[in-house]
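Engineer: Supplied in structure tokens, the structure appears directly below.
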Amino acid sequence: MTEEPAELDYLSFVDYAVEKTHGELPAIDPAAMRLGLTLHRLVSALVYDWESTVHRPRGWSWAGFRVLFVLWLAGPLEARHVARLSGMSRAAVSALVNTLERDELVLRTPAEHDRRAVQLSLTDAGHDAVVGAYQDHNARERAWASSLTEQEQTVLIGLLEKLTTGSAAAAAKRRS
């Protein structure tokens, strides 16, 4: 018997939603629906945890951290490359860089090959800030990963990479 909506919680809603949807639309793929809902809920919970415990206390959003993280590991870069590597639009990166530049974490300079393009780099303070933040961020990653054995982590990473490189992901990338 299906639970009543008032008795549902964040996780049990997935079972309820799949059962209810499949009852009304029998042609849907319940396993694909469960996968999509579960992945979305996991990502939302991870981002909420990272933002609330690591990034917001530093005055950053999750998106702001992603820009700093990309610049730390791959920078200096043109803004368009930061957008691509962080999975954000150029407009979103531009808006975030305004704040990060104001906070003296990022420098914006004209690119040498094209004065219309913008080169982004971390300041020394930005470097120190993102390194410190990532240490705390990784502690939260370890806490989440500790629910799985090392072998389970390896299998899950492989499966997620398979989804990330599949035909649906390729089609989505072409649209962005």
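Engineer: With a 1.4 Å probe and all protein chains left in place, how much of the accessible area of region 1-142 comes from carbon and sulfur atoms, in whole percent? The partial results should precede the final answer.
Structural biologist: Details: 4950 of 8720 Å².
Here it works out to 57 percent.
Engineer: Could you work out the local net charge near Arg80, counting Lys and Arg as +1, Asp and Glu as -1, over the other residues with Cβ closer than 14 Å to its Cβ? Spell out each step's value before the answer.
Structural biologist: Working: positive: Arg84, Arg90, Arg108, Arg116; negative: Glu78, Asp114.
Charge balance near Arg80 sits at +2.
Engineer: Arranged from highest to lowest average of other beta-carbon atoms within 10 Å per residue, in what order do the peptides 74-84, 112-122, 17-27 appear? Working shown, then result.
Structural biologist: Numbers: 74-84: 18.1, 112-122: 13.7, 17-27: 12.0.
The densest-packed peptide leads the list: 74-84, 112-122, 17-27.
Engineer: What percentages, rounded to whole numbers, describe P(r) for region 1-98 computed over all alpha carbon pairs with 10 Å bin width beginning at zero?
Structural biologist: Distribution as computed: 14, 29, 23, 21, 12, 1 percent.
Engineer: Give the accessible surface of region 66-176 per residue, rounded to a whole number of Å², with probe radius 1.4 Å and ligands, DNA and RNA excluded.
Structural biologist: Numbers: 7400 Å² over 111 residues.
Per-residue accessible area for region 66-176 comes out at 67 Å².
Engineer: Here's something else I'd like to know. Along the Cα→Cβ direction, 7 angstrom out, place labels at Arg116 and Arg174. What is the inter-label distance in nm?
Structural biologist: Spacing of the two 7 Å Cα→Cβ label points: 2.7 nm.
Engineer: Something else: Using only the Cα atoms of the chain, construct the convex hull and provide its projected area averaged over every direction, in square nanometres to one decimal.
Structural biologist: Working: hull surface 55.0 nm².
For the chain, the mean projected area of the Cα convex hull comes to 13.8 nm².
Engineer: Nearest 0.05, what FRET efficiency do Ser167 and Asp124 give at R0 = 45 Å with Cβ-Cβ as r?
Structural biologist: Details: r = 44 Å, r/R0 = 0.97.
Calculated transfer efficiency: 0.55.
Engineer: Follow-up question, since we're still on this one. Within the chain, which DSSP H helices have Cα atoms that stretch 15 Å or more along the helix axis and a mean Kyte-Doolittle hydropathy of at least 1.6? Before the final figure, lay out the partial values.
Structural biologist: Details: long enough: 12-24 (18 Å, -0.60); 30-50 (30 Å, 0.63); 62-74 (18 Å, 1.72); 90-102 (18 Å, 0.30); 124-145 (31 Å, -0.92); 150-164 (21 Å, 0.05).
Span-like helices in the chain: 62-74.
Engineer: Further, regarding this structure: Run lengths n ≥ 4 of DSSP H only: what is the helix-derived mean residue ellipticity at 222 nm for the chain, with -39500 (n - 2.57) per run over all residues, to the nearest 500? Intermediate values should be presented prior to the final figure.
Structural biologist: Numbers: 8 runs with 114 residues, N = 176.
One gets -21000 deg cm²/dmol as the mean residue ellipticity at 222 nm.
The values are calculated or read from the model by the stated rules, or taken from the named source; none is laboratory data. Worth saying up front: this structure is predicted, and the values here are computed from it rather than measured. Here the Cβ is made from the backbone with ideal geometry for all residues, glycine too, and neighbour counts use every protein chain on show. These accessible areas exclude ligands, DNA and RNA; they are computed on the full protein's heavy atoms, side chains included. Shrake-Rupley method; radii C 1.70, N 1.55, O 1.52, S 1.80 Å.
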